Amino acid sequence: MRRLLLFLALVLAAAAPAAAEKRIALTFDDVPRQRGAFFTPAERTDRLIAGLQRAEVRQAAFFVTPGRLAQPDGAGGEQRIAAYVRAGHVIANHSFSHLALSATPAADYIADLDRAEAWLGGREGRRPWYRYPFLNEGRGDKAKRDALRAALKARGLRNGYVTVDGADWNMEALTTKAARAGERIDMAALRDLYVETMVDAAEFNDALARRALGRSPAHVLLLHETDLAALFIADLVRGLRRNGWRIVTADEAYADPLGNAAPDVPSAQGTLTEALAWEKGFPEPRWYSRADPKVADPLFEQRVLHKPAGAH
Ligand SMILES: [Zn+2]
């Protein structure tokens, strides 16, 4: 009997995720994204795929914006997207032209996402997820917000929400600007700042989600297809694991019941974590501090460019 109980305890322990377990999936937006400081687009893709493989990330999601294929940096973009899929990753809709919903009539906006869906249709690795550009779900226009929620549903699409945002796009922009200005970039410091910022963003949002939901959901990390990701993705995964995170597939993350949430807040834009916290009436800040360039930019200048504080 005692052995049976021990056996049952072991089975249960194996089946239920430990209370402390933190899970997160990696997602990359704006594919094919414009050039950064270091690589050609093809090099970026090769390095990003190799980094994910080295870090044993089985499946990340790449949110594509097919309108970028026609831009100068988009050359070869279709082959690059196919390479991500061949490496085991999945692709989904990030609109055709990257419009902001709050600044676009709903009908035009829906036509634009349909255009991207037509591009994606039938492609291998395609998932039925839609990621709003700028995470803009209509801001204060609830009729528009609801029109889009209905339009996605009618198309069999689900919101490709994010729960963690460390504003990696801003660090990429600062890096590109510094490199073009011929400034000396401390690459080790850049790596450390990138990893620290994204891991901190995950911790901040997990604490917020636990308060709002009473549990730790499977998180979705927003990254972009950047040179920083191509350089440091394996370091970032190591940093997350060091803090107790398990990297899960995008499929697993989007199977979380969180996907059914449709929070009603005064302005629909941002992470789902923020919206859920806002809906619960939690006070500000409901977003990670370094998502604000006013906080992030001085840190970059001091730590990566070694400028004195307050120099800019
Ligand atoms: Zn985007």
Residues of the stretch 178-218 being within 26 Å of ASP251 (Cβ to Cβ), polar (S, T, N, Q) and not in a loop (DSSP other than H, G, I, E, B), which ones?
ASN205
What do you reckon, is ALA55 away from the ligand (no atom under 16 Å from the Cβ) and at pLDDT 95 or above?
yes
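Would you check which residues across the stretch 156-165 are closer than 14 Å to GLU117 by Cα, within 20 Å of the chain's Cα centre (by Cα) and assigned to a loop (DSSP other than H, G, I, E, B) and list them? If you could, list the steps in order and put the result at the bottom.
From the stretch 156-165, those closer than 14 Å to GLU117 by Cα are 156-160; that's our starting set.
Next, from what is left, pick out any that are within 20 Å of the chain's Cα centre (by Cα): 157-160.
Listed by number, the residues that qualify are LEU157, GLY160.
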I'd like to check something: does the stretch 60-72 contain any residue that is away from the ligand (no atom under 16 Å from the Cβ), in a loop (DSSP other than H, G, I, E, B) and without any contact (Cβ under 8 Å) to a residue 12 or more places away in the chain?
no
Take the stretch 141-155 and flag every residue that is over 24 Å from LEU69 (Cβ atoms), touching a residue at least 12 places away in the same chain (Cβ under 8 Å) and either among the charged types (D, E, K, R) or part of a loop (DSSP other than H, G, I, E, B) (or both).
ASP141, LYS142, LYS144, ARG145, ARG149
Take the conditions surrounded by 15 or more Cβ atoms within 10 Å (Cβ to Cβ), touching a residue at least 24 places away in the same chain (Cβ under 8 Å), over 29 Å from LEU228 (Cβ atoms) and among the small types (Gly, Ala, Ser) and apply them to GLY138. Does it pass?
yes
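Considering each residue of the stretch 69-97, count those that are surrounded by fewer than 21 Cβ atoms within 10 Å (Cβ to Cβ) and in contact with a Gly (Cβ under 7 Å, 6 or more places away or on another chain), and give that number.
Initially, the stretch 69-97 is screened for residues surrounded by fewer than 21 Cβ atoms within 10 Å (Cβ to Cβ), giving 69-76, 78-79, 82-83, 85-88, 97.
Subset that is in contact with a Gly (Cβ under 7 Å, 6 or more places away or on another chain): 69, 85, 97.
Matching residues across the stretch 69-97 total 3.
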Out of the residues in the stretch 90-131 that are in a loop (DSSP other than H, G, I, E, B) and in contact (Cβ under 8 Å) with a residue 60 or more places away in the chain, state the one that is nearest to THR249 (Cα to Cα).
ARG131
Residue in the stretch 111-157 that is nearest to the ligand (Cβ to nearest atom), counting only those that are closer than 25 Å to PHE204 by Cα and among the charged types (D, E, K, R)
ARG131
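Checking the condition in contact (Cβ under 8 Å) with a residue 60 or more places away in the chain and either more than 26 Å from LEU101 (Cβ to Cβ) or of a type outside the set (A, V, I, L, M, F, W, C) (or both), which residue from VAL220, VAL237 passes? It would help to see each step written out before you state the result.
Details: VAL220 fails: either more than 26 Å from LEU101 (Cβ to Cβ) or of a type outside the set (A, V, I, L, M, F, W, C) (or both).
Only one candidate passes the filter, namely VAL237.
So which of PRO133, PRO128 ends up being at pLDDT 95 or above and surrounded by fewer than 17 Cβ atoms within 10 Å (Cβ to Cβ)?
Numbers: PRO133 fails: surrounded by fewer than 17 Cβ atoms within 10 Å (Cβ to Cβ).
Testing whether each residue is at pLDDT 95 or above and surrounded by fewer than 17 Cβ atoms within 10 Å (Cβ to Cβ) leaves just PRO128.
From ALA218, ALA212, ALA261, ALA253, grab the single residue that is small (Gly, Ala, Ser) and surrounded by fewer than 17 Cβ atoms within 10 Å (Cβ to Cβ). Let's see the steps before the verdict.
Numbers: ALA218 fails: surrounded by fewer than 17 Cβ atoms within 10 Å (Cβ to Cβ); ALA212 fails: surrounded by fewer than 17 Cβ atoms within 10 Å (Cβ to Cβ); ALA253 fails: surrounded by fewer than 17 Cβ atoms within 10 Å (Cβ to Cβ).
It is ALA261.
The values are calculated or read from the model by the stated rules, or taken from the named source; none is laboratory data. Owing to the predicted nature of the structure, the values given are computational and were not obtained by experimental measurement. We place every Cβ from the backbone using ideal geometry, glycine too, and count neighbours over all the protein chains shown.
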